[in-house]
Amino acid sequence: MAEVGTAEKRPFTAPLSEGYLVVDRKKCSGCMSCMLACSLVHEGKTDLSLSRIQIVQNPWGCFPEDIALAICRQCVNPKCVEACPTEALHVDAANGNTRTVDGSLCDGCQVCIDACPYKPSRMIWHHEKGVAVKCDLCGRAPHWIEKGGPKGKQACVEICPMRAIKLVKEAPEQEGDAGYEVNLRNEHWGWLGFPTD
Amino acid sequence: MGYGYAGKILRLNLSNRSVSTIDTAQYEEWVGGHGLGSAIFWDLCQDKTVSGFDPRNVITIMAGPMAGTLAPGSTRCEMQGIGPQGYPIEWFTRSSFGGRFAPQLKYAGWDGVVIEGKADAPVWINVINDHVTIEDARGLWGLGTRKTQEEIWARVTGNRLNDWQAVGDAYTTQKPAVLCIGQAGEHLSRIATVMHDGGFAAGQGGFGGAWGAKNLKAISVRGTGGIKVADSKALIDTWLWHKTNFQFNVDNPRNEAPIVNFTDYWIINQSPGAVPIAPIWEPCRPKGCQGCPVACSRRMASGLANEAHCFTTNWPYLGIIPPGTQPTWMTPGEWAGGLAEPTDIHGLAKARYRTTDLLNDYGINVYDVFFADVYFYILFLMDAIGPGKAINCDLPFDKWGTEEYKAAYLKMIAYREGVGDDLAEGLERAAERWGRRKDDLESGLLPYPHWGYSEHNDPRAGVDQEYATILGDRDSNDHSFDLPTHGIPRVASISKTEPVISAERLVGILSQKVLPLQGDPLMFDYSDAGLYSASRAKTIAWGRRYARFWKDSVGYCDLLWPNFFNANAPDFSGYTPEGEARFFNAVTGKNISFVDGMEIGRRTWNLDRAVWVLQGRHRDMEVFAPYVYQVPSTRINHFPVYENGQWRYANVAGRALDKDRFEEWKAKYYELEGWDKITGWPTRSTLEPLGLGKVADELQRRGKLGG
Ligand code: SF4
Ligand code: SF4
């Protein structure tokens, strides 16, 4: 609710992304191959600090809370884009409206990193280049032969041995995590002795 | 330094608290991991005959070029040095562990760590990228391995555990990777492990005690750098080649177990979450080392026994045998969790998992305590142990097998209380103290065939692991051959199904893949004749070369590599020998062949052999415990055998090894390796072409060069 005496701020809107990554938190094995693949196709090296997807885990945690998969949600109302003072962070019409950083315009202020409402922030600080980077659904991944983006392939989806990451075309429910944390397990998973619910 | 490497090795002298670096390029010919460690140990350990507890012992911890990149099962980290567990000589030995330590070490800018000397008070090492400090560990001394790691995480991260944390001008969400010892290592146990995360352990060798002797509690590494690879496109492509053709497809498997939650079936199809072996009836996920598509361990809803593997989760299973039942010998290799009913979810299973955690928290090697546990119980039934008995011990034997008993037993070992002081020496040394060693090795009551290490498999059945061990330093723990040859018929017999592949076809696949010794199916004949053949000499030589290079130096995991048989491939033909070099070359750009790697493995095996010779190795010592020759095995063990012109899987129970024939076989093996047949020592004509002329000179100076 708007405070008394202030003008009500309209939510920032942007054209919808044409693709969204969703994950199965109960299916992930914590192998971090997705992080390695992400940094490999974007940076030409394996570097966890530069991966656009972050897997955070606790060896002694209780399943399923022992793992969190921090993916960019390509938000309907992207706070990162809204916050960017230089328009480096923009909706990339040429890449299916993914929320993307134009590195040449980024002045490294890091406002977007704080603006992303999720923890850990899905905005990634590229400490070597001094700019922010983020998930572009592999639309602009220079170290890969595949075509990426919402109409192409994503390295994390392709690599994941547990098939725990998927690309969907419809915007998931934005409220809470349920839209992005889905069940990708079938009876074969259950046959191995793992839960399918 | 080239692709796949961080470029430098961290050298620590704990005596004078100095920190220096070694340029990795200086040792590049050894590639990584074990090769690096052996070469550095050779150069830096001045007196190789000292005890593992001596400050002059040099411990190396080396990553391979693949660690932290993207290749399936490639993040093993290799620890080497003089291992206090060996008997009667503490051989120069190795142990390896998975998890995420090797990747973090490299992201911090280091290919390995060398530890020399001894600190005058407990220390831990804090590595944050290039910044290395030797910290006071008095506040950590006495803690178990879990609390030690959690305390170090808190100190390094300031407790910002699930968010971005600044490290210099970079950020990470990852916890530091910590390697540490528990109370067993602090008490200089010869069966103490070095632990990492929930269940990753350097077990065999006794390095936990060697760390304790150096007053070294932990090494924490945290890195925000990356590893450059030579060809990222080829690397991703090779992963996808592997995923499409060889990985278990969790959504639509080509080959699925005949029974629900039949974890042993992973041997056939490499399905995830299976190496706790005994099925787990609790909500959980598979959990893997960094970059592993198999993910052999689990994390549970209870948070108990998380990441623990194999025998650490299965030894506590002894607790559910009905009270009063006499335990029978089963080696870890034969231990079948099998088809336990899904009824013990809440009670006994949880007791098991707590016991697993206690074991890992103290940092004790499960292999030894398993055998000692059963040995004790048998001695108890023989009236040889108990209060006031020949072995004076007040463990509550009426509660043998329970969680309470096991907790008392483990505590006694961790703190060296009562007979725990003997057990902390390892069971073979303990039996020596009790005056039982000689007799019990005759009868087989003490199933310790070699060098103070227990059986892994039955040395009278499959023999490959045990032959490799007696020619080496420690339980070889090499599953290259027994997973397919023994695992396939074993899974069939547990599930009462036909083997997924005939013995003849299996042996055909194996013998095609063992480059450069391919084309001889008799390498995989486990009939009586097959145990002493020239072909078997090739089997052992191939296994040692492969292990020394592709596994221990490159860092490929024993459970994924080599891959001969693969049930996810339409023709059952696995990714060895193609996969090894494809991944390696995509990362390093070195463009070597599979066989080039085998040759580096042979070189490394010879260097290790030279160290053992300096330590006192002679052909005459390479003899199994008497029971192996005298007492026929009674356990059921199926293997491929070739008899009357036919291949079949046969139960090889009922035989002992023939001592004379084994001695003759040794001569065949030494000849194949180019070692002196009388002494077993490497010769100059073998060492020089391998570029080990300096090693030959040193052996000659000591009067130990083979003629
Ligand atoms: S690759 Fe898949 S299984 Fe591995 S950490 Fe990423 S999401 Fe989890
Ligand atoms: S970076 Fe954060 S705010 Fe921006 S689109 Fe991704 S999840 Fe939304």
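The values are calculated or read from the model by the stated rules, or taken from the named source; none is laboratory data. Source: prediction; values computed, not measured. Every residue, glycine as well, gets a Cβ built from its backbone with ideal geometry; the counts of neighbours run over all protein chains shown. Just so you know, the surface numbers come from the protein's heavy atoms only, side chains and all, with ligands and any DNA or RNA stripped out. Shrake-Rupley method; radii C 1.70, N 1.55, O 1.52, S 1.80 Å.
Backbone geometry of the stretch B:5-18 corresponds, through the Karplus equation with coefficients 6.51, -1.76 and 1.60 at θ = phi - 60°, to 3J(HN,Hα) couplings of 10, 7, x, 9, 10, 8, 10, 10, 10, 6, 5, 10, 6, 9 Hz, x marking Gly and Pro.
The residues of the stretch A:102-120 listed by number as losing at least 30 Å² of accessible area in the complex, against the isolated chain and with a 1.4 Å probe, are A:LYS119, A:PRO120.
Rounded to the nearest 500, the 222 nm mean residue ellipticity of chain B from helices alone is -9500 deg cm²/dmol, with -39,500 (n - 2.57) taken per DSSP H run of at least 4 residues. When the accessible areas of B alone and A alone are added and the area of the pair subtracted, with a 1.4 Å probe, the result is around 5600 Å², both sides summed. Accessible area per residue for chain B, computed on protein heavy atoms with a 1.4 Å probe, is 30 Å².
Per atom type, chain B shows carbon and sulfur on 50% of its accessible surface, probed at 1.4 Å. Per residue, the convex hull spanned by the Cα atoms of the stretch B:629-693 measures out at 147 cubic angstrom. In chain A, helices alone account for a calculated mean residue ellipticity at 222 nm of -3500 deg cm²/dmol, with every DSSP H run of four or more residues adding -39,500 (n - 2.57).
If you rank B:GLU186, A:GLU158 by how much accessible surface each has, with a 1.4 Å probe, what is the order from largest down?
Reading off the accessible areas and sorting them downward yields A:GLU158, B:GLU186.
Inverting the pair-averaged 1/r between distinct Cα atoms of the stretch B:209-282 gives 16.7 Å as its Kirkwood hydrodynamic radius. For trypsin sites (Lys or Arg not before Pro), the sites in the stretch B:121-221 that DSSP calls loop and that have at most 16 other Cβ atoms within 10 Å are B:ARG138, B:ARG160. Of the residues making up the stretch B:253-276, those losing 20 Å² or more of accessible area when the isolated chain is joined by the remaining protein chains, with a 1.4 Å probe, are B:GLU256, B:VAL260, B:ASN261, B:PRO272.
Measuring r between the beta carbons of B:VAL631 and B:ARG505 and using R0 = 35 Å, the FRET efficiency lands at 0.55.
Ordering B:GLU90, B:GLU622, B:GLU404 by accessible surface, largest first, gives B:GLU404, B:GLU90, B:GLU622; the 1.4 Å probe counts only protein heavy atoms, with every chain in place.
For the stretch A:47-133, the relative contact order works out to 27 percent when only alpha carbon pairs closer than 8 Å and six or more residues apart are counted. Dividing the Cα radius of gyration of the stretch B:42-139 by its Kirkwood radius returns 1.00 for Rg/Rh. Just report the Cα centroid separation between the stretch B:525-567 and the stretch B:499-522, whole Å. A separation of 12 Å, based on Cα centres.
Largest accessible area first, the listed residues A:GLU87, A:GLU43, B:GLU151 line up as A:GLU87, B:GLU151, A:GLU43 when surface is computed with a 1.4 Å probe on the assembled protein chains. A simple count of charges around A:CYS75, restricted to other residues whose Cβ falls under 10 Å of its Cβ and scoring Lys, Arg +1 and Asp, Glu -1, yields +3. Legend: mean number of C-beta atoms from other chains within 10 angstrom of residue C-beta atoms, peptide B:65-74, equals 3. Between B:ASP251 and A:PHE12, the simple spin-label model (points 7 angstrom out along Cα→Cβ) gives 3.4 nm. Name the shape class, rounded, prolate or oblate, that the alpha-carbon gyration tensor gives for the protein assembly as shown, where a ≥ b ≥ c are the square roots of its eigenvalues, rounded holds for a/c under 1.5, and otherwise prolate holds if a/b is larger than b/c and oblate otherwise. Prolate, since a/c reaches 1.5 and a/b exceeds b/c. Once all protein chains are placed together, B:PHE246 keeps about 20 Å² accessible to a 1.4 angstrom probe.
For peptide B:231-243, the mean count of partner chain Cβ atoms within 10 Å of a residue's Cβ comes to 5.
Measuring only protein heavy atoms, the 1.4 Å probe finds A:CYS28 accessible over about 10 Å². Using a cutoff of 8 angstrom between alpha carbon atoms and counting only pairs six or more residues apart, the relative contact order for chain B works out to 14 percent. Dividing the mean sequence gap of close Cα pairs (under 8 Å, 6+ apart) by how many residues chain A holds gives a relative contact order of 28 percent. Under 19 Å from a label point set 7 Å out along the Cα-to-Cβ vector of B:ASP658, the amide N atoms of the stretch B:445-464 belong to B:459-464. Rolling a 1.4 Å probe across all protein chains gives B:ASP421 an accessible area of roughly 50 Å². Once both labels are positioned 7 Å from their Cα atoms along Cα-to-Cβ, the gap between B:ASP421 and B:SER51 label points is 1.5 nm.
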